[in-house]
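First comes the structure, then the notes that go with it.
The numbers here are math on the coordinates, done by the rules we state, and not lab data. Computed from a predicted structure; not experimentally measured. Neighbour counts are summed over all protein chains in view; Cβ atoms, including those assigned to glycine, are modelled from backbone coordinates with ideal geometry.
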Amino acid sequence: QVHLVESGGGLVQPGGSLRLSCVASEFADAMSWYRQAPGKERDVVATIFTIGGSADYAEAVRGRFTISGDSDRNTAYLQMNNLKPDDTAVYYCSVFVRGVDYWGQGTQVTVSS
C-alpha cells in the first residue's frame, strides 16, 4: 500500500500562483498530477519521471505549470503560474507501483476573482 499526501491548494485570483506538494510513502518511477473539475472526467496534468527528471504536460497547462521532484523525499511539486478560472478543480497526485494505481485524497484549487 502506497500512501500519498497532497497539500498546497487554495483560493487564488486569476493570474496568481500556487504550489502543490505530494509526498509518497515509498519510491515510484513516476509521479503524476491529475485534476477533476465538477461534472468532468479526471485528466492528467503533468508527469515527472523520477530517474532523469523528464516531464510531460497536458497542452492546457504547458508553459504555465512546472512539475518537479525530490527523489530523496519521494516528493513531487506542481508550480502553477498564471492561473485561470478553467484551472479550478480538485488536484490529485498519483503513482503506479507494482501494478497498482494509488491516489491521494486531493486538494482543491479555486481560481476566482
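Size of region 1-66 along its principal axes in angstrom, Cα-based, largest extent first?
Between the extreme Cα coordinates on each principal axis of region 1-66 lie 34, 23, 23 Å.
Along the charge dipole of the chain, Cβ charges K/R +1 and D/E -1, which of Gln79, Ala24, Thr50 sits furthest on the positive end?
Gln79
Report the charge-dipole magnitude of the chain in Debye, nearest 20, computed about the Cα centre from +1 at each Lys and Arg Cβ and -1 at each Asp and Glu Cβ. List each step's numbers first, then the result.
Working: 9 positive and 12 negative charges, 51 e Å.
Roughly 240 debye, rounded to the nearest 20.
Using every Cα-Cα pair within the chain, state what percent have a distance larger than 19 Å. It would help to have the intermediate numbers written out before the result.
Working: 2460 of 6328 pairs.
The proportion of pairs with Cα distances above 19 Å equals 39 percent.
Taking the highest mean first, how do the peptides 87-94, 46-53 order by number of other beta carbon atoms within 10 angstrom per residue?
Details: 87-94: 21.5, 46-53: 15.4.
Ranked from most to least packed, the peptides come out as 87-94, 46-53.
What spacing in nm lies between the two simple spin-label points modelled at Ala58 and Gln108, each 7 Å away from Cα in the Cβ direction?
1.9
Would you work out the relative contact order for region 24-96, in percent, from Cα pairs under 8 angstrom that are 6 or more residues apart? Write down the numbers at each step before the final one.
Values: 120 pairs, mean separation 27.8, N = 73.
Relative contact order comes out at 38 percent.
Using only Cα atoms, figure out Rg for region 36-86 and give it as a multiple of 2.2 N^0.38 Å. Write down the numbers at each step before the final one.
Working: Rg = 12.2 Å, N = 51, 2.2 N^0.38 = 9.8 Å.
Working it through for region 36-86, the quotient is 1.25.
Please give, to one decimal in nm, the separation of the simple spin-label points placed at Asp86 and Glu26, each 7 Å out from Cα toward the Cβ.
If labels sit at Asp86 and Glu26, their model points lie 3.9 nm apart.
Residue by residue through region 72-84, which ³J(HN,Hα) values in whole Hz follow from phi under the Karplus form 6.51 cos²θ - 1.76 cosθ + 1.60 (θ = phi - 60°), with glycine and proline marked x?
5, 10, 6, 10, 10, 10, 10, 8, 10, 10, 6, 5, 10
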